[in-house]
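Before we start, here is the structure in question, set down as structure tokens.
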Amino acid sequence: MKLENVRPMNFSGIPFALVVIAFPLIIILPRAMSEVWWPLWILGWLILSASWGTGVGIDGSLIVLKYVFGKLKIRIPFGEIEEITALSKLLARYFKWEIALFVICIIYAFFDLITMPRELLKGYYFGDIGLIIFGLFYIFAFILPFSRRILVGILAYLFILPILLYQKTGNITGDDISMFMVLAAILGFAILDIYGKDYILIRTKKDVYLLTCRSADNVIKTVLKVAQNVQTA
């Protein structure tokens, strides 16, 4: 049975490992390689796309999470589930290592951006800027919902990036401004998207999984009802 409008997020297990692999292919290697970098860049985006969940279903006594365009299936037996609950906020205690990874990525990119020599090609600087914005999105997803104060801090942080670019290159063109606007728009729409969904946490002894859906209460009731029917069958 397919659970409609329910998708697993790539915050744990093999899908998260794919995110970790995709990061350097998209952000770091294109800057480190002077030639023939684009095949790896494309590969990085394909790996990142593969890490996104495509659907969730119930097969007998199993919850099945689908990734890698539906080809990778993670099966969770009902008997191994220790907790299934709706979250109004993604609690950091469930995803400590994931948060640490993205914090390290942002710190690295920010330090690299500051220490990088001046008057290089702007693509070098935008590599770090892209990594910062990419990492910020994932961190925001872990701390939902955030206050207006945090939102102001986010906007202020994004405003610092063009200033750093200007210090490195000595000028900012209309194309640069357009690029920042595109990056900010992508980040904004991504945050609005994760705000517009409910979240369900499934915790087992081995791992923690996160699902997005339209109505967490309805999905949890459906899962518990099926699990009860399986136990009494």
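The values are calculated or read from the model by the stated rules, or taken from the named source; none is laboratory data. Treat the numbers as computed from the prediction; the structure is a model and nothing was measured. In this analysis, Cβ positions are derived from the backbone assuming ideal geometry, glycine residues included, and neighbour counts consider all displayed protein chains.
Search the range 112-125 for residues being surrounded by 12 or more Cβ atoms within 10 Å (Cβ to Cβ) and modelled with pLDDT of 75 or more, and hand back the single one that is farthest from Tyr166 (Cα to Cα).
Here is the first cut: in the range 112-125, the residues surrounded by 12 or more Cβ atoms within 10 Å (Cβ to Cβ) are 112-113, 116, 120, 122, 124-125.
Still in the list and also modelled with pLDDT of 75 or more: 112-113, 116, 120, 125.
Details: Asp112: 15, Leu113: 12, Met116: 13, Leu120: 12, Tyr125: 10 Å.
So the residue we want is Asp112.
Under 8 Å by Cβ, and 6 or more places apart or on different chains, what pairs join a residue from the range 89-100 that is closer than 17 Å to Gly135 by Cα with one that is among the hydroxyl-bearing types (Ser, Thr, Tyr) and modelled with pLDDT of 75 or more?
Going by the 8 Å Cβ cut-off, the qualifying pairs are Leu90/Tyr199; Phe95/Ser12; Glu98/Ser12.
Considering only residues that are small (Gly, Ala, Ser) and in a helix (DSSP H, G or I), look in the range 1-49 and name the one that is modelled with the lowest pLDDT.
Ala32
Also, quick follow-up: In the list Ala227, Ala156, which residue meets the criterion of being in a helix (DSSP H, G or I), modelled with pLDDT of 75 or more, among the aliphatic types (A, V, I, L, M) and over 26 Å from Trp97 (Cα atoms)?
Checking each option against the conditions leaves just Ala227.
Identify, please: which residue in the range 190-213 is more than 17 Å from Thr85 (Cβ to Cβ) and more than 13 Å from the chain's Cα centre (by Cα) and is, among those, modelled with the highest pLDDT?
From the range 190-213, those more than 17 Å from Thr85 (Cβ to Cβ) are 190-196, 206; that's our starting set.
So of that shortlist, the ones also more than 13 Å from the chain's Cα centre (by Cα) come out as 192, 195-196, 206.
Working: Leu192: 68, Tyr195: 65, Gly196: 69, Lys206: 84.
Among residues in the range 190-213 that are more than 17 Å from Thr85 (Cβ to Cβ) and more than 13 Å from the chain's Cα centre (by Cα), the one modelled with the highest pLDDT is Lys206.
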